[in-house]
Each structure stands twice: as structure tokens, then as C-alpha cells.
Amino acid sequence: MDKLIINKSKVENTSTQEKMVVEDPWQNLRHYTDARIALGHSGTGLPTSEWLRFSLDHARARDAVHLPFHKEKIKEKLLRMGLETIDVHSSAGNRAIYLINPDKGRRLNEESRAKLIALNAPTSDLAIVIADGLSSTAVHKQAVPLIENLLPYVKSLNLKLAPVVLAEQSRVALGDEIAQLLHAKVVAILIGERPGLSSPDSLGVYLTWDPNLNRLESERNCISNIRPEGLSYDRAAFKLAWLIESAFSLHLSGIKLKDQSDNPACYRTLHPRYKLKGSLISDPV
């Protein structure tokens, strides 16, 4: 009997709380975005449920930044795909240094630099770097599926791949030094983006033609928000492949290379492997 009374009390309390929440007129728009809109209010403050949801999302974002980079699982998956891998580390010795001093994440430490020099890698067309960045969570979830979708395009372009590099405590610019030591003509660095409250697992890709230590941020092309809830793997892979093909054709990247991968009139030899919007049949690669 006591249990029934307690349960009844909980129902009444929940009902009372719901009545105290005033819904926002934009409530229906929440179906179309993860943005924190139309939260409603209870008195002059947020509803308790929204405050708790905000606290949880904030905790997830912090966890994504500090989660260690689990390279071994990624390496196992890449090995099954027939891809050779190399581990490197930036000059940021730990996460705290990486966050406080970004420049440390833009250069290799001495051991990693010596490793790549000793490798004496032959000239390659494309170097792929998988870097933890600001969200290892994103890299763990999105990097391998993206590469799986990219490889058929790489094969169609007949590009020679350098060993895939897994870089720890890495910033975007670290890819330039890595690719230069691997003698790669183009580098694509897959890196965890700064976590948002609604997207702690968003992956970004930065493409640079003729990578070297003098490259500017304006000389890169960026593809962001790669995740199932954002830009899908198949579309991100084609966008990246289109940019790679264009970079080889024009010998440049960055602000001089406009992304027109969504315009069939701008296709060269590659075509999407997915069905185009409004098309009955997708074009083969």
C-alpha cells in the first residue's frame, strides 16, 4: 500500500512540474535541429529537465576532449582493410600541454620526426593522417567509416597511398610536417573537432596541396561535421575525393579551390557512389 502511495505521489509531482513549464511558441522547430531553441521556461528560469540535459551535454563535451586516443582499435580495423599504419606524437607531451600551448601540437616530437626520416618513404600521392585533435570520441567513431567510403575513389584516381599515420596530441598543421617527411603530394588530416553541446563526436577533414611547414591556414580546404547526424560518410568521402582530384588538376588547395562537389557540371572523372538528389540512378565511379 505504501508503494502505491509513493508511486501516486511521484505521478502527481511530475504532473505538477509539467504544468509549471511554459512551452515556447517555436516548440515545433525543435524537430528540425539539435540547437538549444524553444526550451520553454519555468518561472524566470529554465525547466529542470532542460538544465539537466545541458549539464549532461556539457559533461559529454568535456569527456570528448579528455578521452585518451585509443589507436590500437583503429589500427586493427585499418589493417583488415589492407592499410599500413605508423604512430607519431606531437611535441605536446601530454593533454594539458596540448590544450595550453597549441603550437606544441603543430610539430612532431624528435622521436617521431626521426622515425619518419628513417623510413625514407618513396614519393606518394596522398597521405592520410588520423589525429585525435580536440575529440578522440569523434575519431574513434567516424574515421574508419570515412576511409572505407573514400578508398574506392582513391583507387579510381589511381593514387599511391602513403602509410596511414595515427597522430597523438595533434593539431591540423601537424599533417604538413608528416606529409612532407613522407614525400606526399597531398595530405588529408582527419581530426576530432572542438566538441559542441549537441555534437561531441564531429569529425573534420583538412586537405592541403604540397604540404610543408610554410603552409597557411588559408591554403587548406575543410570538410566539417562528419557524423551520422551531420554530413554522412558517403557524401563526405565524395566531397573529399572531388577536392583531391581538383587539387591534382589545379595544383592548389584552400581559398583558391572552391568546393563544387555538389554540382554535377563540375565533375571531372569521379562521380558519387550514392544516389544524387533528384536522380533515378547514381553515376558509377
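The values are calculated or read from the model by the stated rules, or taken from the named source; none is laboratory data. Since the structure is predicted, the reported quantities are computational estimates derived from the model, not experimental observations. Here the Cβ is made from the backbone with ideal geometry for all residues, glycine too, and neighbour counts use every protein chain on show.
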Could we say that G192 is buried (at least 24 other Cβ atoms within 10 Å of the Cβ) and within 30 Å of H31 (Cα to Cα) here? yes
Which of the residues belonging to region 267-285 are modelled with pLDDT under 95, surrounded by 12 or more Cβ atoms within 10 Å (Cβ to Cβ) and either out of contact with any Asp or Glu (no Cβ under 7 Å at 6 or more places or on another chain) or on the phi > 0 side of the Ramachandran plot (or both)? K275, L276, S282, D283, V285
The condition from (1) more than 23 Å from Y32 (Cβ to Cβ); (2) in contact with a helix residue (DSSP H, G or I) (Cβ under 7 Å, 6 or more places away or on another chain); (3) in contact (Cβ under 8 Å) with a residue 24 or more places away in the chain that I226 misses is numbered (1)
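Look through region 239-257, keep the residues that are part of a loop (DSSP other than H, G, I, E, B), touching a helix residue (DSSP H, G or I) at 6+ places or on another chain (Cβ under 9 Å) and not hydroxyl-bearing (S, T, Y), and return whichever of them is surrounded by the fewest Cβ atoms within 10 Å (Cβ to Cβ).
Of all residues in region 239-257, those part of a loop (DSSP other than H, G, I, E, B) come to 251-253, 257.
So of that shortlist, the ones also touching a helix residue (DSSP H, G or I) at 6+ places or on another chain (Cβ under 9 Å) come out as 252-253, 257.
With the extra rule that they be not hydroxyl-bearing (S, T, Y), the set shrinks to 252, 257.
Values: L252: 14, L257: 19.
The selected residue is L252.
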Breaking point among (1) among the acidic types (D, E); (2) loosely packed, with under 15 Cβ neighbours inside 10 Å; (3) closer than 22 Å to F238 by Cα, for E76: (3)
Going through region 199-212 one residue at a time, which ones are among the hydroxyl-bearing types (S, T, Y) and over 14 Å from the mean Cα position of the chain (by Cα)? T208
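Being over 15 Å from the mean Cα position of the chain (by Cα) and β-branched (V, I, T) narrows it down to one of V139, V172, V129, V154, so name that one.
Working: V139 fails: over 15 Å from the mean Cα position of the chain (by Cα); V172 fails: over 15 Å from the mean Cα position of the chain (by Cα); V129 fails: over 15 Å from the mean Cα position of the chain (by Cα).
Exactly one of V139, V172, V129, V154 is over 15 Å from the mean Cα position of the chain (by Cα) and β-branched (V, I, T), namely V154.
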Is region 231-238 home to any residue that is over 23 Å from K71 (Cβ atoms) and in a strand (DSSP E or B)? yes
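Can you tell me how many residues in region 98-139 are surrounded by fewer than 15 Cβ atoms within 10 Å (Cβ to Cβ) and in a helix (DSSP H, G or I)?
Looking only at that region, the number is 9.
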Filter region 31-69 for residues that are in contact with a helix residue (DSSP H, G or I) (Cβ under 9 Å, 6 or more places away or on another chain), surrounded by 17 or more Cβ atoms within 10 Å (Cβ to Cβ) and of a type in the set (A, V, I, L, M, F, W, C) and give the result. L39, L46, A64, V65, L67, F69
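Sort through T33, T48, T14, T44 and tell me the only one that's polar (S, T, N, Q) and either at pLDDT 80 or above or within 30 Å of E111 (Cα to Cα) (or both).
Working: T33 fails: either at pLDDT 80 or above or within 30 Å of E111 (Cα to Cα) (or both); T14 fails: either at pLDDT 80 or above or within 30 Å of E111 (Cα to Cα) (or both); T44 fails: either at pLDDT 80 or above or within 30 Å of E111 (Cα to Cα) (or both).
Exactly one of T33, T48, T14, T44 is polar (S, T, N, Q) and either at pLDDT 80 or above or within 30 Å of E111 (Cα to Cα) (or both), namely T48.
State all residues of region 54-92 that are in a loop (DSSP other than H, G, I, E, B) and either touching a residue at least 24 places away in the same chain (Cβ under 8 Å) or among the hydrophobic types (A, V, I, L, M, F, W, C) (or both); if no residue qualifies, say none. Full working, then the answer.
The initial filter retains those residues of region 54-92 that are in a loop (DSSP other than H, G, I, E, B), namely 67-70, 81-84, 91-92.
L67, P68, F69, H70, M81, L83, E84, A92, listed by residue number.
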Selected residue [under 12 Å from the mean Cα position of the chain (by Cα) and not small (G, A, S)] from I255, I191, I244: I191
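Could you tell me which of the residues K160, K141, K155 is modelled with pLDDT of 95 or more and under 30 Å from Y32 (Cβ atoms)? Working first, answer last.
On the way: K160 fails: under 30 Å from Y32 (Cβ atoms); K155 fails: under 30 Å from Y32 (Cβ atoms).
Answer to the check: K141.
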Counted residues in region 200-237 being of a type in the set (A, V, I, L, M, F, W, C) and surrounded by 23 or more Cβ atoms within 10 Å (Cβ to Cβ) come to 7
Total residues in region 141-174, condition surrounded by 21 or more Cβ atoms within 10 Å (Cβ to Cβ) and of a type outside the set (A, V, I, L, M): 6
